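A short write-up of the structure that comes next.
The values are calculated or read from the model by the stated rules, or taken from the named source; none is laboratory data. In this text, all values refer to a predicted model and were calculated from it rather than measured experimentally. Cβ coordinates were reconstructed from backbone atoms using ideal geometry, including for glycine residues, and neighbour counts include every protein chain displayed. Ligands, DNA and RNA are excluded from the accessible area calculation, which covers all protein heavy atoms including side chains. Shrake-Rupley method; radii C 1.70, N 1.55, O 1.52, S 1.80 Å.
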Amino acid sequence: MHYLSTRNNQLKESFLNILFRGLSKDGGLFLPSEWPTISLKNLAGKSYQEVAHSIIFPYIKDDVPDSDLKFIINEAYKNFDHNKIAPVVNIDKNKYVLELFYGPTFAFKDYALQFLGNLFSYLLTKRKKKITVLGATSGDTGSAAINAFKGKDDIEVFILHPHNNVSEVQRRQMTTIEETNIHNFAIEGNFDDCQRIVKELFVDEEIQSKTSLTAINSINWIRIIAQTVYYFWSYLQLNKEKVNFIVPSGNFGNIFSARVAKYMGLPINELHIVTNENDILNRSIKTGEMKILKVKQTYSPSMDIQISSNFERQLFESSDRDSNFLNDLMRSFSKNNEVTIPQNILKNIQSIYNTHSVTDSEVLQTIKEFYNKYNYLSDPHTATGLNILSKLNTNVANISLACAHPAKFKNAIFDAINKEPPVPQDLKKIFDKEEKMTILENKKELVKSNILKLI
Ligand SMILES: *Cc1c(COP(=O)(O)O)cnc(C)c1O
């Protein structure tokens, strides 16, 4: 097993190299040289941790011994607040919700980042190395990463979030951390601006020469594969022949993890991508015109994205791994903010994904409807998926992903049902603590000089 880049299919990198780099030097995203298949029979009766081991091991076996991986996985999931880690809840006939908010920061990002944090610690201690973690967040990745890396000696963490564009709970989860290796930059711009600055810093030679920069955004391959685990896990809980998944989407990370599960042999019938009003994925896949529009602020900030980075991975797969094509396409996209996906590639993508877009008013309606009809309270991201779940009438089990705890998005819940959501004890604590963050203009050089001062 080795790793290649979407912009260079001849690359042969080891897992260790791609883990710490995140993004390839050529600007592309890493993918494994092959898709190992998993025998479903062998997974029957296993715990979440054991399933995680079976899924992840083939990708990292050259660099992490079997027993060490077991230890890392057990550490990663010990602070999750549900004995099933990620339980499947039955809502109605053939309608299920996979709940992914039992980690320390109450959103699905914990499932990959708690694992990543422990994997990094293990490898850095072994190699006596220090790294700088740099990431952009629309809210949940930042808090999950900060929680996973806080207090770790060999890791300095810089997280960029769009100033005034994340929920109060999301912001406080990031800014109330006392550990001194955590640094929050609030950028006067939107999430795409933050992500662009991060991408530029990753190819900045001065920064590269002073520290070892590591990406923890969902462009990091290990996050994708760690999320693949709960697709298998939910299937195993249901005991059905086939399943459909409905995935609220922004950066195309979670839905691509589902696609990877299918490559690895999970019998997935349909994959549904759901966006909010920032619907670039829905438009691109329906029409082939991939065009950036202005980012709208919605009730689901973690999906307020117009550049879905991981979509490049699917474009690469659907072009039969043609990196020349990807170079041309992505160069043109970044220059013109729009590009046309060729018909043959588009057809392939359309054969894999159904796409939908859900408006803010539909989100409120759906939160209310599920609360009244099923006594089920969902967060606004989850509600985009539930809106589609309520409309699907198939004989196949439909599993919609619950991406965050409703208490993270009090305003949306209040607007939907005129009541505040119940707040878990652990979330209440952050309201008494002092906040620490630096507000910066939307400029790469400013972010760079602030990082250089602190490393
Ligand atoms: C990150 C996130 C999403 C979007 O997931 P992608 O992997 O970026 O597509 C949706 N909902 C919540 C709550 C999130 O935190």
Residues of region 355-405 being under 18 Å from the mean Cα position of the chain (by Cα) and within 16 Å of I417 (Cβ to Cβ), in sequence order, are D379, P380, T382, A383, H405
Scanning region 439-455 residue by residue, those surrounded by fewer than 13 Cβ atoms within 10 Å (Cβ to Cβ) and not in a helix (DSSP H, G or I) turn out to be I439, E441
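For region 98-108: of the residues being touching a Pro at 6+ places or on another chain (Cβ under 9 Å) and in contact (Cβ under 8 Å) with a residue 24 or more places away in the chain, which is nearest to Y231 (Cα to Cα)?
L98
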Among F120, F115, the single one that is open to solvent by less than 10 Å² (accessible area, probe 1.4 Å), of a type in the set (F, W, Y) and more than 16 Å from the ligand (Cβ to nearest atom) is F120
Only unsatisfied item for L98, checking (1) within 19 Å of G385 (Cα to Cα); (2) within 12 Å of the ligand (Cβ to nearest atom), is (2)
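Which of the following residues is within 11 Å of the ligand (Cβ to nearest atom), at pLDDT below 95 and either small (G, A, S) or touching a helix residue (DSSP H, G or I) at 6+ places or on another chain (Cβ under 7 Å) (or both): G135, G139?
G139
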For region 133-151, the count of residues that are in a helix (DSSP H, G or I) and buried (at least 24 other Cβ atoms within 10 Å of the Cβ) equals 9
(Q) Quick check on H183: is it at pLDDT 95 or above and within 22 Å of D110 (Cβ to Cβ)? (A) yes
Within region 123-132, of all residues that are among the aliphatic types (A, V, I, L, M) and part of a helix (DSSP H, G or I), the one farthest from the ligand (Cβ to nearest atom) is L124
T287 fails exactly one of (1) within 12 Å of the ligand (Cβ to nearest atom); (2) within 22 Å of I388 (Cα to Cα), namely (1)
The correct count of residues that are within 20 Å of V89 (Cβ to Cβ) and either touching a strand residue (DSSP E or B) at 6+ places or on another chain (Cβ under 7 Å) or of a type in the set (S, T, N, Q) (or both) in region 406-424 is 1
Within region 412-424, of all residues that are more than 25 Å from the chain's Cα centre (by Cα) and either of a type in the set (V, I, T) or not in a loop (DSSP other than H, G, I, E, B) (or both), the one surrounded by the most Cβ atoms within 10 Å (Cβ to Cβ) is A416
